[in-house]
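Since the structure comes first, as structure tokens, the remarks are kept for the end.
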Amino acid sequence: MQAVMIERPGGPEVLRIVEQPRPRPKAGEVLIRVAAAGVNRPDVQQRRGLYPPPPNASEILGLDVAGIIDDVGEGVDGQYVGNPVCALVNGGGYAEFCAVPAVQCMPIPNGLSFIEGASLPEVFFTAWNNLIWLARLEHGETLLIHGGTSGVGMAGIQIARHLRGATVFATAGTEEKRAVCEAIGAQAAVDYRGAWDEGIRALTGGEGVDVILDGQAGANTQRQLDLLKYDGRLVFIASHQGSTAEVNIRTLVRRRLTITGSTLRPRPPAYKGRLARELVDHVWPLFEDGRITTRIHKVVPFTEVQEAHHILDENQQIGKVVLAVDPALAATVPSSGKRF
Ligand SMILES: NC(=O)c1ccc[n+]([C@@H]2O[C@H](COP(=O)([O-])OP(=O)(O)OC[C@H]3O[C@@H](n4cnc5c(N)ncnc54)[C@H](OP(=O)(O)O)[C@@H]3O)[C@@H](O)[C@H]2O)c1
């Protein structure tokens, strides 16, 4: 089968389409014939040599796919063959076939294409894991999401707004991106350059927010803490601006703050399976009635994978970039599949 591998750490030019053996589904796994694969920031970090795959994970790039189940491993019911699914995968998504634990598969929400299905898993798993499970976002709380038009940001704004009734603020780098944040449910969005914290403080009548979701960290960390209310939670999902920071512990002690963070990829299938079930139960119905949407910035043919990474390198995207691995199938809307 054809798959995308990294020749050496570097820019998009190090991505190569090469012939690789078709994976065989192990016990508890299914083999997916991939129609479309999501392109995510961690793929860019992996390409740059900054985010190596965990032990036993595929060296092939790609963390989420949509396609059709082609085969099943031991212990998985053969009736699933032929079912359309989207799935969070442990690597190996940028390929014609991908093996994945069955529990990480979900039906594609009714009415969405394979392209739209492939845009969902990584970002919705990450948003749910960090906002609902880790930050324990409560009904009616206030939330700040940095990078509001990232895939994770757009998922997070919508989950917080529609499933927690939260008041959501966001940061984004351009006027156009800030307008998109507001169109999908943020009360207001500000530029993350300059006095973004003063902007959010003013918007909250001086009160600050209950939860902050951030992928930048570094020198801004104390400013994040200063913006949290009593019992506030700061959740890191990356540290692109620096993995160390000096913070005033007294701020934490006085206001009972929590700093936490997570990475999804090394979690075992059982954990990801629980996340999948919660998404299907609570978020998928909102796609079906149109309250939650996915925004596809660009569909890029598989053979032009370098272009897909170039878009992310330049932060041009608003929403998701998706690779059409099988372009004819990718654009179609499948009939509803069985639930795992
Ligand atoms: N921990 C996990 O399990 C996990 C899993 C997936 C992703 N992630 C992280 O989640 C974040 C989003 O991932 P993604 O794939 O959805 O990203 P993405 O679509 O590639 O978007 C990232 C966005 O970050 C914005 N940005 C750049 N510099 C910024 C800054 N200094 N402050 C605020 N925003 C900034 C950019 O938009 P502007 O034009 O607004 O700058 C860019 O569009 C990334 O940090 C990624 O590493 C973590």
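Sorted by mean Cβ packing within 10 Å, highest first, what order do the peptides 189-198, 154-163 take?
For the peptides 189-198, 154-163, the packing ranking is 154-163, 189-198.
Hey, what's the Kirkwood Rh for the chain if you take every pair of different alpha carbons, in angstrom?
It works out to 20.2 Å.
Mean residue ellipticity at 222 nm from the helices of the chain, using -39,500 (n - 2.57) per DSSP H segment of n ≥ 4 over the full residue count, to the nearest 500 deg cm²/dmol?
-7000 deg cm²/dmol
Can you compute 3J(HN,Hα) from phi for each residue in segment 125-139, using the Karplus curve 6.51 cos²θ - 1.76 cosθ + 1.60 with θ = phi - 60°, rounded to whole Hz and x for Gly and Pro?
With coefficients 6.51, -1.76 and 1.60, one gets 4, 5, 5, 5, 4, 8, 7, 8, 7, 7, 7, 6, 4, 9, 4 Hz.
Can you tell me the accessible area per residue over the chain, all protein chains present, probe 1.4 angstrom, in square angstrom?
Heavy-atom accessible area per residue stands at 41 Å².
Please report, for the Cα atoms of segment 87-187, the Rg to one decimal and the Dmax as a whole number; what are they, in angstrom?
For segment 87-187, the Cα radius of gyration and maximum Cα-Cα distance read 14.9, 44 Å.
Rounded to the nearest Å, what's the spacing between the alpha carbon centres of segment 254-298 and segment 106-179? Just the number, please.
8 Å
Please list 3J(HN,Hα) in residue order for segment 189-205, calculated via the Karplus relation 6.51 cos²θ - 1.76 cosθ + 1.60 where θ = phi - 60°; whole Hz, with x for glycine and proline.
These are the phi-based 3J(HN,Hα) values: 10, 10, 6, 7, 8, x, 8, 4, 5, 5, x, 5, 4, 5, 5, 9, x Hz.
I need the phi-derived Karplus couplings for segment 32-38: 6.51 cos²θ - 1.76 cosθ + 1.60, θ = phi - 60°, integer Hz, Gly and Pro marked x.
Using θ = phi - 60°, the values come out as 9, 7, 7, 8, 8, 10, x Hz.
Among the lysines, which have Cα under 23 Å from the Cα of K26 when same-chain residues fewer than 8 positions away are ignored?
Excluding near neighbours in sequence, the set is K272, K338.
Of all accessible surface on the chain at a 1.4 Å probe, what whole percent is carbon and sulfur?
Of all accessible area on the chain, carbon and sulfur atoms account for 48 percent.
Would segment 254-340 count as rounded, prolate or oblate if I go by the C-alpha gyration tensor, calling it rounded below 1.5 in a/c and otherwise prolate when a/b exceeds b/c, oblate otherwise?
Values: a/c = 1.85, a/b = 1.25, b/c = 1.49.
Oblate.
What ranking do 249-262, 213-226, 55-68, 25-38 get when scored by the average of other Cβ atoms within 10 Å per residue, highest first?
Highest mean packing first, the order is 25-38, 55-68, 213-226, 249-262.
For the ranges 138-147, 70-79, what's the packing order if you count other beta-carbon atoms within 10 Å of each residue, average per peptide, and put the highest first? Each step should come with its number before you reach the end.
Details: 138-147: 20.7, 70-79: 14.3.
Top of the packing list down: 138-147, 70-79.
So what is the diffusion coefficient of segment 124-261 in µm² per second by Stokes-Einstein at 37 °C and 0.692 mPa s, using a Kirkwood Rh over Cα pairs?
Working: Rh = 14.5 Å.
The Stokes-Einstein estimate is 227 µm²/s.
The values are calculated or read from the model by the stated rules, or taken from the named source; none is laboratory data. Computed from a predicted model, the values in this text were never measured in an experiment. Counting neighbours? That spans all protein chains shown, and the Cβs are built from the backbone with ideal geometry, glycine included. Side chains are part of the model used for accessible areas, which takes the heavy atoms of the whole protein and leaves out ligands, DNA and RNA. Shrake-Rupley method; radii C 1.70, N 1.55, O 1.52, S 1.80 Å.
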